[in-house]
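Participant: The structure's right below; bear with me while I get my questions together.
Computed from the coordinates by the stated procedures, all read-outs in this text should not be read as laboratory data. Not measured: the values here are computed from a predicted model. A quick note on method: Cβ atoms are made from the backbone with ideal geometry, for glycine too, and the neighbour counts reach across all protein chains shown.
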Amino acid sequence: MTLERFARVVGCGDARIDLAEACLMIAQDAYPGLDVGRYLGDIERMALRLRGRMPQSCAAGERVLALNDFLFDDLGYSGNIDDYYDPRNSYLNEVIERRTGIPITLSILYMEVGRRVGLPLEGISFPGHFMVRLRVRSGMLVLDPFACGAPQSEPELRERLRRVIPEGLTDEVPLAELPLEQFLEPASKRQILSRVLRNLKAIYRDAEKPERMLEVLNRMLLVSPEASAELRDRGYVYERLECWRPALQDLTDYVGREPDAPDAHEVRVKLMELSARCARLN
């Protein structure tokens with residue numbers, strides 16, 4: 001039932017997806033009794049308190065300052081540097097409760113509170129570090145909620161790129177000359193949800209928790225049904241959990257979609273093994 005509701009929430013047009021609701025529904029896998037409405041109410045109440053501090057004529061830059069003061073100074077939200085890969089950092093309910101998280105979940109909360117006080121913030125899938133942007137009259141503000149909403153200058157953004165993109169991978173164009181605009185395009189809500197889910201997938205893969213991985217992959221394929229690699233990976237997780245028929249189905253579908261994939265031969269070998277296992281079940 002939870003997956004059916006999630007499918008409805010993410011099955012509409014991107015602009016109509018309620019990002020906070022979808023993120024909280026992802027958390028229902030780890031927290032089955034989670035009350036989504038309660039946490040949506042928490043976000044609404046944050047915005048209500050913040051609106052009460054802001055005059056109606058408040059300019060965008062002043063609203064950003066007020067948002068930063070409220071979330072990071074008054075409420076004490078901060079980036080979780082000490083335990084970055086704690087899965088709780090990827091669940092929005094835990095971020096709201098514990099007042100700490102990773103760049104993408106803090107950005108989601110920042111955008112959701114900001115939207116409710118008149119700030120049309122957009123997510124940016126910047127390489128290695130999720131941030132948000134805001135168009136203003138003078139151009140564009142790039143803000144880092146993991147660093148208490150600090151605005152990012154061009155030299156700071158280029159230094160971030162230098163740390164994650166090795167020289168030589170940019171078609172002979174020096175890193176310092178790459179147009180920044182290509183890295184500052186807004187992320188769709190589906191892209192944001194996929195990034196949250198990829199973080200959780202990596203955490204549970206490294207922790208060797210296939211049951212949790214399966215929950216994450218089920219949601220990933222609802223957010224991005226066309227994601228062939230996730231379909232393949234779900235097939236392998238099913239195999240690990242000894243769910244032979246679902247494994248066979250997913251890997252068969254993967255090869256059907258990607259017959260020339262680099263790992264297609266390996267997957268076909270696995271399909272022969274799974275077919276034999278399934279035959280013995282009959």
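Participant: With springs connecting C-alpha atoms under 10 Å apart, model the chain as a Gaussian network and identify which of Leu75, Leu231, Leu50 has the largest mean-square fluctuation.
Facilitator: Among Leu75, Leu231, Leu50, the largest GNM mean-square fluctuation belongs to Leu75.
Participant: Can I ask one more? Under 15 Å from a label point 7 Å along Cα→Cβ of Arg49: give me every residue in the stretch 75-94 with its amide N that close.
Facilitator: 75-78
Participant: Could you grab the relative contact order for the chain? Cα pairs under 8 Å, six or more apart, rounded to a whole percent.
Facilitator: On the way: 331 pairs, mean separation 42.2, N = 282.
Relative contact order, the chain: 15 percent.
Participant: Give me the distance in nm between label points sitting 7 Å out from Cα along the Cα-to-Cβ direction at Glu226 and Asp35, one decimal.
Facilitator: Each label point is offset 7 Å from its Cα along the Cβ direction, giving 4.0 nm.
Participant: Which one, Gly118, Gly101, Gly13, has the greatest fluctuation when you compute a Gaussian network model over the chain with C-alpha springs under 10 angstrom?
Facilitator: Highest fluctuation among the options: Gly13.
Participant: Also, quick follow-up: Could you give the C-alpha radius of gyration of the chain expressed as a fraction of 2.2 N^0.38 Å, taking N as the number of residues it contains?
Facilitator: Working: Rg = 21.2 Å, N = 282, 2.2 N^0.38 = 18.8 Å.
Here the answer is 1.13, to two decimals.
Participant: Continuing with this model, one more query. Set the Förster radius R0 to 51 Å, insert the Cβ-Cβ distance between Asp42 and Val269 as r into 1/(1 + (r/R0)^6), and round the FRET efficiency to 0.05. Numbers along the way, then the final one.
Facilitator: Values: r = 50 Å, r/R0 = 0.98.
The value I calculate is 0.55.
Participant: Relative contact order for the stretch 2-120: what is it in percent, counting Cα pairs under 8 Å that are at least 6 residues apart? Walk me through the numbers on the way to the answer.
Facilitator: Details: 99 pairs, mean separation 33.5, N = 119.
With pairs under 8 Å counted, the relative contact order is 28 percent.
Participant: Moving on. For the stretch 33-183, how big is the tail of P(r) above 20 Å, as a whole percent of Cα pairs?
Facilitator: Values: 5847 of 11325 pairs.
The answer is 52 percent, as a whole percent.
Participant: Considering the options Leu19, Met213, Leu34, tell which one lies farthest towards the positive end of the dipole of the chain, charges being +1 on Lys and Arg and -1 on Asp and Glu at the Cβ, about the Cα centre.
Facilitator: Checking the options against the dipole of the chain, the answer is Leu34.
Participant: Sort Tyr204, Tyr77 so that the residue with the fewest other Cβ atoms within 10 Å of its own Cβ comes first and the one with the most comes last.
Facilitator: On the way: Tyr204 21, Tyr77 24.
Ordered from fewest to most neighbouring Cβ atoms within 10 Å, Tyr204, Tyr77 come out as Tyr204, Tyr77.
Participant: Two decimals, Cα atoms only, Kirkwood Rh: what is Rg/Rh over the stretch 191-238?
Facilitator: Working: Rg = 9.6 Å, Rh = 10.4 Å.
When Rh is taken as the Kirkwood radius, the ratio is 0.92.
Participant: In Å³ and rounded to a whole number, note down the convex hull volume per residue for the Cα atoms of the stretch 228-282.
Facilitator: Values: hull volume 3.4 nm³, N = 55.
Convex hull of Cα atoms, per residue: 61 Å³.
Participant: Could you give the dipole magnitude of the chain about its Cα centre, charging the beta-carbon of Lys and Arg +1 and that of Asp and Glu -1, in debye to the nearest 20?
Facilitator: Values: 39 positive and 45 negative charges, 168 e Å.
Taking the Cα centre of the chain as origin, the dipole is about 800 debye.
Participant: For the stretch 2-120, what number results from the quotient of the Cα radius of gyration and 2.2 N^0.38 Å? List each step's numbers first, then the result.
Facilitator: Details: Rg = 14.8 Å, N = 119, 2.2 N^0.38 = 13.5 Å.
Cα Rg divided by the expected 2.2 N^0.38 Å: 1.09.
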